[in-house]
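Colleague: Provided herewith is a single structure, encoded as structure tokens, for subsequent inquiry.
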Amino acid sequence: MSEALQIRRRADKLKDWIATMVVALVMAGLCAAVAVVLVLLVGKLVGDPNWYRPWVDKQFGMVVTWMENLPFVGEFASAASKIPNLLPQESPFRDLLALLVFFSIPCLVPAKRVGPTLIARYDVEALRVAPPSELGSRWAGLRGDEQKRVWAELRAWCFTGVGKGRSPRLRPWVMPHVEERFSIAVLTGVDGPEKSHMAEAFSREIDGSNRLAAAPNGRARLLIRLQTKLNDCVWWRARQTDDPWDSGYLVEDPAARLRLKTFRPRRATFLVADQLSASGLTQCIDDLMAHRTEFPHPVRLLVVDCVLPSALELRWQDERQRWTSSRNDLGPVTILHLSDARFGAEEFRSLRGAHEVPGTDEK
């Protein structure tokens with residue numbers, strides 16, 4: 001692993017750790033505030049406002065003792081344990097501080113998931129939002145049965161194997177259930193820019209851009225974004241078919257390639273490789289495949305080309321009636337053909353080969 005890559009990974013882990021600690025303290029502060037209010041109310045009802053103080057001091061002492069035995073934070077815990085003694089014995093702020101330390105430990109569990117999720121942003125270093133080149137006239141929408149069929153097949157491929165996308169409610173550290181974390185499809189055909197137009201239109205549909213554009217005002221758009229981020233943080237929530245994905249284009253750029261080596265999807269992600277060279281496509285696939293088991297969410301890569309890319313080393317399996325790739329354990333590859341007619345059996349037979357598919361690109 002290169003030094004630059006190691007530095008990026010350490011920086012990402014540091015940001016996640018800071019976010020985790022901040023979220024844990026905020027959660028602990030809210031829990032402590034609610035607990036102090038409740039015990040004060042109970043104290044008024046029972047006529048003894050100090051009824052809970054021995055229990056608070058005992059629990060606080062147990063937590064401090066446990067933290068003192070931990071590496072790196074032991075000295076900090078010893079210093080923090082003396083702070084409550086500086087406050088008046090019967091001060092509610094003393095109890096609040098003690099309860100803050102007490103609740104911070106269990107709050108680390110959900111914070112480990114919520115913190116990094118809150119600070120996760122669209123990776124503009126690895127992906128490009130807009131297509132890599134000007135497409136000319138804009139997409140005029142689905143026209144004819146052929147385009148509607150391909151659109152439906154594209155959507156079916158994206159959602160195949162995405163799983164429930166949720167972690168157990170009491171175990172937020174467990175990766176969400178995803179049956180197929182990484183999958184590749186090829187959108188091919190000889191109909192000019194229509195393939196690129198369809199890929200762009202589909203990316204805008206699946207990432208919620210069309211929904212944002214249809215919002216009546218800025219307040220409505222802000223509410224949509226906040227709801228999306230809230231859904232990301234609720235780890236036990238099952239993924240819905242209308243939840244926004246991230247979408248973006250892979251680009252031929254050294255900095256983007258470096259960032260792609262550390263890419264981790266913040267939510268389900270739709271990637272497009274349009275007009276990439278054979279070597280560029282190979283490198284991008286290798287980078288994604290190397291860490292696909294670490295993807296917490298499904299990633300779908302759509303390759304747009306006029307012919308079947310030679311970089312995928314596709315083979316046609318007669319017995320299973322499907323295309324597979326012989327490189328990097330890619331497995332089955334979905335072929336979406338956008339033209340006047342679908343691939344027929346004779347066309348499949350003419351395209352398949354022992355190792356290479358005749359007519360593939362050699363960019």
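The values are calculated or read from the model by the stated rules, or taken from the named source; none is laboratory data. Note that the structure is predicted; figures quoted are calculated from it, not measured. Methodologically, a virtual Cβ is constructed for each residue, glycine included, from the backbone with ideal geometry; neighbour enumeration extends over all protein chains shown. What goes into the accessible areas is simple: the full protein's heavy atoms, side chains included, and nothing from ligands, DNA or RNA. Shrake-Rupley method; radii C 1.70, N 1.55, O 1.52, S 1.80 Å.
Colleague: How do the pairs read when you match residues in segment 102-116 that are closer than 25 Å to K58 by Cβ with residues anywhere that are open to solvent by 40 Å² or more (accessible area, probe 1.4 Å) and not basic (K, R), using Cβ under 6 Å and keeping only pairs 6 or more apart or on different chains?
Modeller: Once the first residue is closer than 25 Å to K58 by Cβ and sits in segment 102-116, its partners that are open to solvent by 40 Å² or more (accessible area, probe 1.4 Å) and not basic (K, R) give F103/C31; C107/M27.
Colleague: As an exercise: evaluate A256 against (1) modelled with pLDDT under 90; (2) open to solvent by less than 10 Å² (accessible area, probe 1.4 Å); (3) closer than 17 Å to L187 by Cα and give the number of the one condition it does not meet.
Modeller: All conditions pass for A256, except number (3).
Colleague: Taking segment 145-171 as the region of interest, how many residues are of a type in the set (D, E) and in contact (Cβ under 8 Å) with a residue 12 or more places away in the chain?
Modeller: Within segment 145-171, the subset of a type in the set (D, E) is 145-146, 153.
After this cut, where a residue has to be in contact (Cβ under 8 Å) with a residue 12 or more places away in the chain as well, the list is 146, 153.
Total meeting the criteria: 2.
Colleague: Return the pair list, or none, for Cβ contacts closer than 6 Å from residues in segment 315-341 that are under 15 Å from L301 (Cα atoms) to residues that are part of a loop (DSSP other than H, G, I, E, B) and modelled with pLDDT of 80 or more, at least 6 apart or on different chains.
Modeller: Listed pairs, sorted by first residue: S325/E313.
Colleague: Another question about this same structure. For segment 107-116, which residues satisfy the criterion of being touching a Cys at 6+ places or on another chain (Cβ under 6 Å) and either surrounded by fewer than 19 Cβ atoms within 10 Å (Cβ to Cβ) or closer than 14 Å to L14 by Cα (or both)?
Modeller: Residues of segment 107-116 touching a Cys at 6+ places or on another chain (Cβ under 6 Å): 114.
None; the set is empty.
Colleague: Another one. Can you say whether W157 is of a type outside the set (A, V, I, L, M), open to solvent by less than 60 Å² (accessible area, probe 1.4 Å), out of contact with any Leu (no Cβ under 7 Å at 6 or more places or on another chain) and not in a loop (DSSP other than H, G, I, E, B), as far as the supplied structure shows?
Modeller: Numbers: of a type outside the set (A, V, I, L, M): yes; open to solvent by less than 60 Å² (accessible area, probe 1.4 Å): yes; out of contact with any Leu (no Cβ under 7 Å at 6 or more places or on another chain): yes; not in a loop (DSSP other than H, G, I, E, B): yes.
The answer is yes for W157.
Colleague: Then there's this: Of the residues that make up segment 3-21, is at least one closer than 30 Å to R257 by Cβ, part of a helix (DSSP H, G or I), at pLDDT below 90 and among the polar types (S, T, N, Q)?
Modeller: yes
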